[in-house]
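Enquirer: The structure's right below; bear with me while I get my questions together.
The values are calculated or read from the model by the stated rules, or taken from the named source; none is laboratory data. Because the structure is predicted, anything quoted here is derived from the model rather than measured. Glycine also receives a Cβ, built like all others from the backbone with ideal geometry; neighbour counts cover every protein chain displayed. Please note that ligands, DNA and RNA were not included when accessible areas were found on the heavy atoms of the full protein model with its side chains. Shrake-Rupley method; radii C 1.70, N 1.55, O 1.52, S 1.80 Å.
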Amino acid sequence: MSKGIYIASAEPESGKLAVVLGVMELLLAQGLRVGFFRPVVRETAEKDVAIRLMSTRYALMPSFEAMCGCTAETANELIGHDRYQELHARILDQYMALESQHDLVVCAGTDYVSAAPGFEFDFNVEVANNLGCPLLAVVKGLHRNLDQVSNAVSVLLASLHQKDCDLLAVIVNRTNPELLADAVSMLPQLLPEGVPGYILPEHPLLGKPTVDQIAQALGAEWISGSKESRDQEVANFKVAAMELPHFLNYVEEGSLIITPGDRADIVLGTLLADASSAYPHVAGLLLTGNLRPADQVQRLLSGLLASSVPVFGVATDTFTTAMNVSAVEGTLLAASNRKISAALGVFEANVRIDEISKRITGSHSVKITPLMFEHELIRRARSVRKHIVLPEGNDERILRAAEIILLRDIVDLTLLGKPDEVRAKISSLGLTLERVSIIDPVSSPLREQFADAYYQLRQHKGISQELAYDTMADVSYFGTMLVHHQMADGMVSGAVHTTQHTIRPGFEIIKTKPGCAIVSSVFFMCLADRVLVYGDCAVNPNPTSEQLADIAISSAETAMNLGIEPRVAMLSYSTGESGKGEDVERVREATKLVRQRRPELKIEGPIQYDAAVDIGVAETKMPGSEVAGHATVFIFPDLNTGNNTYKAVQRSSGAVAIGPVLQGLNKPVNDLSRGCLVADIVNTVAITAVQAQVQVGQP
C-alpha cells in the first residue's frame, strides 16, 4: 500500500502550493505522521518556498536536505549527460529514507522553471510512478472559460492514461468564481469512475505578493514597519515620478509606491495620504537608488515612521526596481498568515479530504493531537453557521483574528465600537473586513430596548431605569444582551477587559442552564501529542463537593462536545483510599456524586496527577482503572491549585492553553486572557460557535 501522495500540475500558475498546504493540513489533522518531499528544488532545499512553509508551519523534524531529492542544477547536469536513471535513483533513495520515518509523505512536484512545461509534467508523472505514489493532478482554471477548463482536464487525463499513472484525484484550481457551480457539475462527467474531482475558486489574496515577499525577492533593506504590516498584499505598484499633487491622484488601495529615496515630497505625501481617510490605504513605500531622505526630513518623519506603512529600500534605480517588482509572483510564505488562512478557507470549503485519504490508507490514529483538535474545532464551527459578537472592536489582535475567521469562513461576526474608529483601525492595519458588522452601543437604536430588558431582569437588585440605560453603553453588557436576545449566538471578550468585566453580565443576564448549579471553566491544554482538559482554573475559588461534581460533569460534556473522549480524574494529594483529611474527603464525595448522577462517565478519584497521566505509576497506585494513566479531563480541587498548575504546564512545556472556556451558562460567553494571541482568539471563537450548536441540539 502506498505511503505517499504526489501533487503535480500540468502547467505554471495552477496554485499548486495552496493545494499542497490544504492536503498537509488535513492529513496531519487526522493524526498521521506526515512528511513532506520535493523531488527537485530550484537552488537549495533551505531556500525552497514550499519546504520552508511546511517545515515552519508544521514543525517538521527532518532537515531541509532530507526533504528534497536534488537541486535543479544537479538534475539538469544528470539529464544533460544522459544519466536519467541515476537522477530517478537519487530521488527515490532520498524519498525512501523519508518515507521510512512517516505514515505518509506528501510530495510536491516541480515548479515549471524550464522552457518545456510538457517535458516537466512528464518528468513529474514518471517520478510519481517510480515512487509508487498516486497522483493528485492540479489543473489551472485561471483565465479559462468552462470549455477551456473541460479541454484542459481532458488533455490531462489522456496524457495520464498513456503513462499508466495511478490517478488519485483531480483539482481544478483558481477557477473563476462565477463558473464554480457549472464546473462542479461538469467535472465528474469527465473523470474516470471512482476518481474524485474538486473545483477551487480563485481567491483575490492568493495571487498577490506581500510586501515582505517583494522585499525578500529584491534583497531590500527594511527601514521601518512592523512585522504584521509587511504581511500586507500588494494590489498594484505605482512609480512616483510626478510632482506630489498629480501623483496623489494615482494612488489606489494596496499600492506599493516606488520612488527615489531623495524624493522627500513623495515620501511625506505617501505617509500622510495613508494616514488620511481621504485617500486609499498604501501597502508600502519602496525607496530606490540606495538613497535615503535628508536628515532634516528623517527628523520630520521620526513620528510618522511609526505608522503602519512599511518602508524599505534597494540599491537599484527606479526603472530597474519597477521591472523587478513586476516579476515577483504571489506565493505562500511561512509568514503570510492572511494568505495561509485564505488558502485553507478555500480548500476546506471545497475539498473532501476523507475521499482522498481513504484512497491512500485506511489507518487512522486514535490520538487527539493539537492539530487534529484545531482542525475538528474549525470544521465543526463551520458546519452550522453561527454568529459571534466581539465587544473589543478596537483591539488589533481582535481585528486580525476577525480577518482570519472570515477568510476561513468559520462564523459571522459583529464588532462593537464606534464604526468610524473601527473602520479607520481596520484600514490602518491593511485588513479586509467588509463582511463584518459594527455596532456602537452608545448610539445604537437597540440600547433603549436592551436597557428595558436589563431593568426587568435586575430591578429586584435595586437597578433603576436610568442606571440600566447607562449600563447598556458598556460593550460587555451590550454584547451579552445581543446574545440574550438571539441577535448573536455567543460572545468572546477579555483581550482588553478583565475576566470579571467579561463574565459578570453573563451571570446577571444569561444565567445558568437547568440542572447546573454553578458556572465554571476549563482550559484546553494543547501539548505536543495530546489535548487535555483542565477545570476549574478561572472561576470558583473553593468549590464544595456538590460544586466539584457539577464542574466534573460540565467539563466532561465540554470535552465530549469538542471531540475529546472524557476520562475524568478528580485530583487530590492522595490516590484511592490511601489518604485522609477534609480536602480528600471533599474530592471523594464529589466523585461519588458524579457516579450517581452520570454512571456512564469514566471517572476516578481521588487521584494524584502522576497516577492520572503516567501508565507506570497508574499500574502501581491504581491497577485496572480505565482512567488512571489515561485521563483526559482533570478536575482540580480548588482555584489556587488549578490556576497555578495550568500556568506551570503552559510555561514549562510550551503547551498552548485555550481558554478559559466557560460552561454552565444558558448561552456561550467566553473569556480571553489579556495576553492572548491572535490564534487564541480564533480558537476561542470556534469553541464558542460549537457550544452554541450543542446548546440548541445541533450536530
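Enquirer: From the set of residues in the range 378-417 that are touching a strand residue (DSSP E or B) at 6+ places or on another chain (Cβ under 8 Å) and among the charged types (D, E, K, R), which is surrounded by the fewest Cβ atoms within 10 Å (Cβ to Cβ)?
Expert: Among them, the one singled out is R385.
Enquirer: For the range 31-50, give me each residue that is surrounded by fewer than 22 Cβ atoms within 10 Å (Cβ to Cβ) and either touching a His at 6+ places or on another chain (Cβ under 6 Å) or on the phi > 0 side of the Ramachandran plot (or both).
Expert: G31, R33
Enquirer: Continuing with the same structure: For the range 72-90, give me the residue count where each residue is free of Cβ contacts under 8 Å to residues at least 24 places away in the same chain and either crowded, with 19+ Cβ neighbours inside 10 Å or at positive phi (or both).
Expert: Residues that pass the stated criteria total 2.
Enquirer: Continuing with this model, one more query. Report the residue count in the range 12-30 for those that are at negative phi and in contact with a Lys or Arg (Cβ under 7 Å, 6 or more places away or on another chain).
Expert: Here the count works out to 1.
Enquirer: Another question, then. Within the range 552-568, can one find any residue that is surrounded by fewer than 19 Cβ atoms within 10 Å (Cβ to Cβ) and over 31 Å from the mean Cα position of the chain (by Cα)?
Expert: no
Enquirer: In the range 547-577, which residues are of a type in the set (V, I, T) and part of a helix (DSSP H, G or I)?
Expert: Of everything in the range 547-577, those that are of a type in the set (V, I, T) and part of a helix (DSSP H, G or I) turn out to be I551, I553, T558.
Enquirer: Here is a further query. Given the conditions (1) among the aliphatic types (A, V, I, L, M); (2) modelled with pLDDT of 80 or more; (3) open to solvent by 30 Å² or more (accessible area, probe 1.4 Å), and given that V325 satisfies all but one, which numbered condition is not satisfied?
Expert: For V325, the failing item is (3).
Enquirer: Follow-up. Among the numbered conditions (1) open to solvent by 10 Å² or more (accessible area, probe 1.4 Å); (2) over 30 Å from K511 (Cβ atoms); (3) in a loop (DSSP other than H, G, I, E, B); (4) modelled with pLDDT of 90 or more, tell me where A628 comes up short.
Expert: All conditions are met except number (1).
Enquirer: Given the conditions (1) of a type outside the set (V, I, T); (2) under 13 Å from Q213 (Cα atoms); (3) touching a strand residue (DSSP E or B) at 6+ places or on another chain (Cβ under 8 Å); (4) open to solvent by 30 Å² or more (accessible area, probe 1.4 Å), which single one is not true for L291?
Expert: (2)
Enquirer: From V533, V475, V492, which residue is modelled with pLDDT of 90 or more, open to solvent by 10 Å² or more (accessible area, probe 1.4 Å) and in contact with a strand residue (DSSP E or B) (Cβ under 9 Å, 6 or more places away or on another chain)?
Expert: V475
Enquirer: Does the range 450-470 include one or more residues that are crowded, with 17+ Cβ neighbours inside 10 Å, within 19 Å of E396 (Cα to Cα) and either among the hydrophobic types (A, V, I, L, M, F, W, C) or touching a Gly at 6+ places or on another chain (Cβ under 6 Å) (or both)?
Expert: Taking every residue of the range 450-470 in turn, none turns out to be crowded, with 17+ Cβ neighbours inside 10 Å, within 19 Å of E396 (Cα to Cα) and either among the hydrophobic types (A, V, I, L, M, F, W, C) or touching a Gly at 6+ places or on another chain (Cβ under 6 Å) (or both).
Enquirer: Looking only at the range 636-656, decide whether some residue is of a type in the set (D, E, K, R), touching a residue at least 60 places away in the same chain (Cβ under 8 Å) and buried (at least 19 other Cβ atoms within 10 Å of the Cβ).
Expert: The answer is no; no qualifying residue exists.
Enquirer: Next question, about the same structure. Failed condition for T575, given (1) over 21 Å from T480 (Cα atoms); (2) surrounded by fewer than 23 Cβ atoms within 10 Å (Cβ to Cβ); (3) touching a helix residue (DSSP H, G or I) at 6+ places or on another chain (Cβ under 6 Å), with all others met?
Expert: (2)
Enquirer: Is it fair to say V436 is β-branched (V, I, T), surrounded by 15 or more Cβ atoms within 10 Å (Cβ to Cβ), in contact with a helix residue (DSSP H, G or I) (Cβ under 8 Å, 6 or more places away or on another chain) and under 30 Å from L548 (Cα atoms)?
Expert: no
Enquirer: Tally time: how many residues in the range 495-506 are open to solvent by 10 Å² or more (accessible area, probe 1.4 Å) and either in contact (Cβ under 8 Å) with a residue 60 or more places away in the chain or not in a helix (DSSP H, G or I) (or both)?
Expert: Count: 4.
Enquirer: Which of the residues that make up the range 375-408 are acidic (D, E), in a helix (DSSP H, G or I) and more than 24 Å from V531 (Cβ to Cβ)?
Expert: If the condition is that a residue be acidic (D, E), in a helix (DSSP H, G or I) and more than 24 Å from V531 (Cβ to Cβ), then E396, E403 are the ones that fit.
Enquirer: Which members of the range 51-71 meet the condition of being over 17 Å from the mean Cα position of the chain (by Cα) and either buried (at least 22 other Cβ atoms within 10 Å of the Cβ) or of a type outside the set (A, V, I, L, M) (or both)?
Expert: I51, R52, P62, S63, F64, E65, M67, C68, G69, C70, T71
Enquirer: Ok, one more. Of the residues D610, D583, only one is open to solvent by 20 Å² or more (accessible area, probe 1.4 Å), under 37 Å from the mean Cα position of the chain (by Cα) and among the acidic types (D, E); which?
Expert: Going through D610, D583 in turn, just one is open to solvent by 20 Å² or more (accessible area, probe 1.4 Å), under 37 Å from the mean Cα position of the chain (by Cα) and among the acidic types (D, E): D610.
Enquirer: I'd like to know if the range 253-261 contains one or more residues that are over 27 Å from L407 (Cα atoms) and aliphatic (A, V, I, L, M).
Expert: Checked against the condition, which is being over 27 Å from L407 (Cα atoms) and aliphatic (A, V, I, L, M), the range 253-261 yields at least one hit.
Enquirer: Look through the range 637-657, keep the residues that are modelled with pLDDT under 90 and part of a loop (DSSP other than H, G, I, E, B), and return whichever of them is farthest from the chain's Cα centre (by Cα).
Expert: Restricting to residues being modelled with pLDDT under 90 and part of a loop (DSSP other than H, G, I, E, B), the top hit is G654.
Enquirer: Please go through (1) among the hydrophobic types (A, V, I, L, M, F, W, C); (2) modelled with pLDDT of 90 or more; (3) out of contact with any strand residue (DSSP E or B) (no Cβ under 7 Å at 6 or more places or on another chain) for L78 and return the number of the only condition it doesn't satisfy.
Expert: Tallying (1) among the hydrophobic types (A, V, I, L, M, F, W, C); (2) modelled with pLDDT of 90 or more; (3) out of contact with any strand residue (DSSP E or B) (no Cβ under 7 Å at 6 or more places or on another chain), L78 fails exactly one: (2).
Enquirer: Go through the range 186-205 and give me each residue that's part of a loop (DSSP other than H, G, I, E, B) and out of contact with any helix residue (DSSP H, G or I) (no Cβ under 6 Å at 6 or more places or on another chain).
Expert: L191, P192, E193, G194, V195, E202, P204, listed by residue number.
Enquirer: Next question, about the same structure. List, please: which pairs have Cβ atoms under 6 Å, are six or more places apart or on different chains, and start with a residue in the range 22-46 that is without any contact (Cβ under 8 Å) to a residue 40 or more places away in the chain and end with one that is crowded, with 21+ Cβ neighbours inside 10 Å and outside any helix (DSSP H, G or I)?
Expert: The qualifying pairs are V41/D48; V41/C68; A45/C68.
Enquirer: Can you pull out every residue in the range 452-477 that is in contact (Cβ under 8 Å) with a residue 24 or more places away in the chain, assigned to a helix (DSSP H, G or I) and among the hydrophobic types (A, V, I, L, M, F, W, C)?
Expert: Scanning the range 452-477 gives A453, L457, V475.
Enquirer: Determine, yes or no, whether A97 is part of a helix (DSSP H, G or I), surrounded by fewer than 21 Cβ atoms within 10 Å (Cβ to Cβ) and in contact (Cβ under 8 Å) with a residue 24 or more places away in the chain.
Expert: Spelling it out, A97 is indeed part of a helix (DSSP H, G or I), surrounded by fewer than 21 Cβ atoms within 10 Å (Cβ to Cβ) and in contact (Cβ under 8 Å) with a residue 24 or more places away in the chain.
Enquirer: Ok, one more. Within the range 571-579, can one find any residue that is under 35 Å from the mean Cα position of the chain (by Cα) and either farther than 27 Å from T620 by Cα or at pLDDT 90 or above (or both)?
Expert: So far as the range 571-579 goes, yes, one or more of its residues are under 35 Å from the mean Cα position of the chain (by Cα) and either farther than 27 Å from T620 by Cα or at pLDDT 90 or above (or both).
Enquirer: In addition: Specify the residue that is least open to solvent (accessible area, probe 1.4 Å); the eligible residues are those in the range 218-266 that are part of a loop (DSSP other than H, G, I, E, B) and under 11 Å from F312 (Cα atoms).
Expert: G261
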